[in-house]
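Asks: Structure in structure tokens, see below.
The values are calculated or read from the model by the stated rules, or taken from the named source; none is laboratory data. It should be emphasised that the depicted structure is a prediction, and the values quoted were computed from it without experimental measurement. Quick reminder, even Gly has a Cβ in these numbers, built from the backbone with ideal geometry, and neighbours come from all protein chains shown. Just so you know, the surface numbers come from the protein's heavy atoms only, side chains and all, with ligands and any DNA or RNA stripped out. Shrake-Rupley method; radii C 1.70, N 1.55, O 1.52, S 1.80 Å.
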Amino acid sequence: MPNDEVVSLFTELAALPSPPGEERVVADRVMAYLRDLGLDVAEDDAGPRIGSTVGNLYARIEPTDESGTPLFFCAHLDTVPPQAAIEPVVEDGVIRNAAGTILGADNKAAVAVMLEATRQLLSENRPHGGVELLFTPKEEVGLHGAAAFDHEQLQARVGYVYDQAAPIGEVILGAPYAHSMEVRFHGRASHSGMYPEEGRSAIAAAAKAISDFKLGRIDEDSTANVGIISGGTAGNIVPEWCSFLAEARSHDPRKLADLVREMLEAATFAAGLEDCQVETEVHKSYSGYRFKRDDYVVRLAGSALERAGYDPSFKLSGGAADANVFNERGLACVNLANGMAEIHTPQEHIAVEDLDRMVDVTLALVDVAREPDGA
């Protein structure tokens, strides 16, 4: 039978817009839900520090079985900005948005699943080794909430996020390292019809640099992209400035360093050709991680998925999640696929069955964490 509780909760949360930095209304609903379960919920001071209306939300359920392994579960409260209203509807067992924008299954499906699993855990008095819940803001624009959270609050050293748009059963063994780059060219303005030879086109310099970049999939480990470009002041003025934002990612930090260096060198070379100046800023976006199949956190996930009726598969991701932050800080955190599909698009959807089954997976994780070696 479908779990009406988790479907109702998910559709309620999904209908509440929560673009990055504006998660307050969803956070209030999550806090009210947890308090109705009798849990204390703490909100940290990350909101003002990262430019959000809400900080990280944290709740702990004390263990009933001291021999078990404590676990933490994390989901993010924000979505990519919706371009219209969000009107979740259930059609033929699938939840979609009837209003022509995102649904918000990324990541409110995980929020709803974790809340419903917590409700069942408490109502059934299921034994467990300790469960902690964390809900973060501003994940979509750089994992900012997780990065601002004091991870020393967590008693658990093993955790899970459900933030991979793929069929249930997929276990993410690794995610890439990433750097962002802001490149700004400075040329010289002049009238393009009367004195073009006196101008120095910053747009031409930027175009030359980008044409020399390796973009897209570089190799099996690495990708690069230029995502935003702007410049100039008018169609009849040789443009004195042009800037663009680029990024590079790789599962191999050495390859990432080489790729960033090559991109910066191409920008410098292009500026010289067009007699322009160039300024560059490089920022680490996040660190990557890589697990082995016999790592405890992975074996635990595999056992839980099998117990819930799935054959685990093991993949690498080209994207990041809050798991990147926790792994960088020495915790073992794995990203599990939860069935959401076509995320960040008006076609985004998730099956009712996948919401139900991820509740089963969550409870199975809690169960196997009580068993020796996560068997």
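Asks: Give, to the nearest whole percent, the P(r) tail of segment 234-341 beyond 20 angstrom, counting all Cα pairs. The partial results should precede the final answer.
Replies: Numbers: 3419 of 5778 pairs.
The share of Cα pairs beyond 20 Å in segment 234-341 comes to 59 percent.
Asks: Compute the separation of the alpha-carbon centres of segment 57-88 and segment 138-185 and state it in Å as a whole number.
Replies: So the two Cα centres are separated by 13 Å.
Asks: Once label points are set 7 Å from the Cα along Cα→Cβ at both Asp311 and Glu279, what is their separation, rounded to one decimal in nm?
Replies: Here the answer is 5.7 nm between the modelled labels.
Asks: Okay, next question. For Asp92 and Ser67, what does the FRET efficiency come to when R0 = 51 Å and r is the distance between their Cβ atoms, rounded to the nearest 0.05?
Replies: On the way: r = 45 Å, r/R0 = 0.87.
The formula returns an efficiency of 0.70 here.
Asks: If you don't mind, another one. Seen from all sides and averaged, what is the projected area of the convex hull of the Cα atoms in segment 61-206, in nm²? Show your work: numbers first, answer last.
Replies: Values: hull surface 61.6 nm².
Mean projected area for segment 61-206: 15.4 nm², to one decimal.
Asks: Based solely on C-alpha atoms, express the radius of gyration and the Dmax of segment 312-375 in angstrom.
Replies: 14.4, 45
Asks: Taking segment 274-311, which trypsin sites (Lys or Arg not before Pro) meet the DSSP loop condition and have no more than 15 other C-beta atoms within 10 Å? Intermediate values should be presented prior to the final figure.
Replies: On the way: sites: Lys284, Arg290, Lys292, Arg293, Arg299, Arg307; in loops: Lys292, Arg293.
Passing both the DSSP loop test and the Cβ count: Lys292, Arg293.
Asks: Residues with amide H under 5 Å of Ser285's amide H, sequence separation 5 or more or different chain, H placed in the peptide plane at 1.01 Å from N; which?
Replies: The answer is Ala178, His179, Ser180.
Asks: Right, something else. Can you compute the label reach from Glu262? Point 7 Å from Cα along the Cβ direction, backbone N cut-off under 14 Å, restricted to segment 193-222.
Replies: 210-222
Asks: For segment 117-235, with the dipole built from +1 on Lys and Arg beta-carbon atoms and -1 on Asp and Glu ones, taken about the Cα centre, which of Tyr177, Gly129, Tyr160 lies farthest toward the positive end?
Replies: Farthest along the dipole direction, towards plus: Tyr177.
Asks: Hey, any idea what Rg/Rh is for segment 116-189, computing Rh the Kirkwood way over Cα pairs? Present the calculation step by step, with values, prior to reporting the outcome.
Replies: On the way: Rg = 19.4 Å, Rh = 16.8 Å.
Over the Cα atoms of segment 116-189, Rg/Rh equals 1.16.
Asks: Rg to Rh for segment 52-127: what is it, with Cα atoms only and Rh by Kirkwood?
Replies: Values: Rg = 16.4 Å, Rh = 15.1 Å.
Expressed as Rg/Rh, it is 1.08.
Asks: Picking from Ser303, Asn97, Leu115, whose Cα lies most toward the positive end of the charge dipole for the chain (charges on Cβ: Lys, Arg +1; Asp, Glu -1)?
Replies: In the chain, that residue is Ser303.
Asks: Right, next: With +1 on each Lys and Arg Cβ and -1 on each Asp and Glu Cβ, how big is the dipole of the chain about its Cα centre, in debye rounded to the nearest 20?
Replies: Details: 31 positive and 60 negative charges, 152 e Å.
It comes to approximately 740 debye.
Asks: What is the extension gain from Asp4 to Ala85, computed as 0.36 nm multiplied by their sequence separation minus the C-alpha to C-alpha distance, in nm to one decimal? Show your work: numbers first, answer last.
Replies: On the way: separation 81, 0.36 × 81 = 29.16 nm, distance 2.32 nm.
Gain in length upon complete extension: 26.8 nm.
Asks: Over all Cα pairs of the chain, how is the pair count split among 20 Å bins, expressed in % and running from 0 up to the last occupied bin?
Replies: Cα pair-distance distribution for the chain, in percent: 27, 50, 19, 3, 0.
Asks: Taking the Cα atoms of segment 1-85, what is the range of coordinates along each of the three principal axes, in descending order and whole Å?
Replies: Cα extents, longest axis first: 48, 42, 21 Å.
Asks: Summarise the accessible area of the chain (1.4 Å probe, protein heavy atoms) by the percent that is carbon and sulfur. Mind showing how you got there, number by number?
Replies: Working: 7820 of 15960 Å².
That share works out to 49 percent.
Asks: Write down the accessible area per residue of segment 11-106 in Å², having rolled a 1.4 Å probe over the full set of protein chains.
Replies: Values: 4030 Å² over 96 residues.
Result: 42 Å² of accessible area for each residue.
Asks: From the helices alone, meaning DSSP H stretches of at least four residues, give me the mean residue ellipticity at 222 nm for the chain, per-run term -39500 (n - 2.57), in deg cm²/dmol to the nearest 500. Working shown, then result.
Replies: Values: 10 runs with 121 residues, N = 375.
My calculation for the chain gives -10000 deg cm²/dmol from helical runs alone.
Asks: Need one number: nm distance between label points at Leu122 and Ser287, each 7 Å from Cα along Cα→Cβ, rounded to one decimal.
Replies: Between Leu122 and Ser287, the simple spin-label model gives 3.5 nm.
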